[in-house]
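The values are calculated or read from the model by the stated rules, or taken from the named source; none is laboratory data. Since this is a predicted model, take the numbers as computed values, not measurements. So basically every Cβ, Gly included, is an ideal-geometry build from the backbone, and we count neighbours across all protein chains shown. Surface areas here come from the heavy atoms of the whole protein model, side chains and all, with no ligands, DNA or RNA. Shrake-Rupley method; radii C 1.70, N 1.55, O 1.52, S 1.80 Å.
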Amino acid sequence: MLSASARLLRLLALLAARPAWTCAELADRMAVTDRTVRRDIAKLRDLGYTVDSDAGPWGGYRLRAGSRVPPLILDDEEALAVAVGLREAALGGALGGDQAALSALLKLRQVLPPRIAERLGEWDDALVRLPWPDAPRLRPGMLLELAAACRRGERARLSYRDGQGRSTVRDVDPYRLVHTGRRWYFVARDVERGWRTFRADRVERLQPTGRPAEITDPPDPARLVSHNTANGPYPLSATIRLPLPLADALRVVPATVGTHRADGPDATVVDIGGPDADGLARYLLGLATPLRVLAPDAVRQALARRARELAEENAAHEPVERTGVSGSAPPVSATGERTRPAGSPSGHPPEQGG
């Protein structure tokens, strides 16, 4: 037979597992009488947990959000998942700082069974994170504040600082948060300017106005962020066609560099922004894959000119036979098939925007 304290923990775990239970169901699960269930529910209420109940033979009990966080009963996989998630939150700064996540992780690790702690240690030993030198830091609590604003459906007054350090205040209708893998973006409808994306690390304040949000025909938030980060800050945009399925095209041109749409099952059309035609031509030539420039003519001509110059340069010199030399560079063809460089178009650092 369970002790009184163990029985209370078991009762809390059951109440948290689904929206409602009848008294008979709880008694059956815990192998006790209905009277014991009612007595234990009263004890939980004395401890500060809010348990709602409905009268009658078909009435039930519901654990409502209150002033206390109930203890959780986790299995091995759930405990490991929570620990890994806390570790990533601490390292990635998703909460705006690492102290809350580290504190929760420390508390969890102190009570983990040895078998789970050992698995988490194996994860820690094997995982290496390469930090971004200019990784943005969110203000503590900002991400949760933005998420709550998206859920409330209430218009808010946004104080925002752009990339040049200029501060603006505008009324927005919050919609979604999008994570690109490196940054968080806040998608909202600017009341005066339409749909916009805002870098979450540049949001200074978000204040509810008390008025309902007006969201009709919202865009795909991920596609909007991809389009704005890839094309928004640049004076020129090129449209290319890759003879690759959409999944393969995304590996060649990341979603933070171009906006993709499938052109049948075996091809993808991509819009890419850049500083000028020559910069875009250099980037396209470095993709090391067949492609066709659909527009504009200036980028098509710049790409053809660069490919022609490369072909002429290589045709003007006979190849030199060398032996005993390793690590030579791969050949460059007139079609631009060469080793793909890192990065994106010249002057086009990944994940600009906001």
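Values for this structure:
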quantity	calculated
Under 5 Å, built H, 5+ apart or other chain: amide partners of ARG199	PHE186
³J(HN,Hα) computed for each position of the stretch 198-209 - Karplus, 6.51 cos²θ - 1.76 cosθ + 1.60, integer Hz, glycine/proline x	10, 5, 5, 6, 9, 6, 8, 7, 9, 10, x, 9
Contour minus Cα-Cα distance for ALA316 and GLU214 (0.36 nm per residue)	30.3 nm
Accessible area, probe 1.4 Å, largest first, for residues THR36, THR168, THR216	THR216, THR168, THR36
Length gained when the stretch ALA24-GLN164 is fully extended (0.36 nm per residue, less Cα-Cα span)	44.0 nm
Efficiency of FRET from Cβ geometry, ARG109 and GLU204, R₀ 51 Å, rounded to 0.05	0.90
FRET efficiency, ALA16 to GLU88 (Cβ-Cβ, R0 25 Å, nearest 0.05)	0.55
Amide H contacts of ASP263 (H built 1.01 Å from N, under 5 Å, at least 5 apart or other chain)	THR268, VAL269
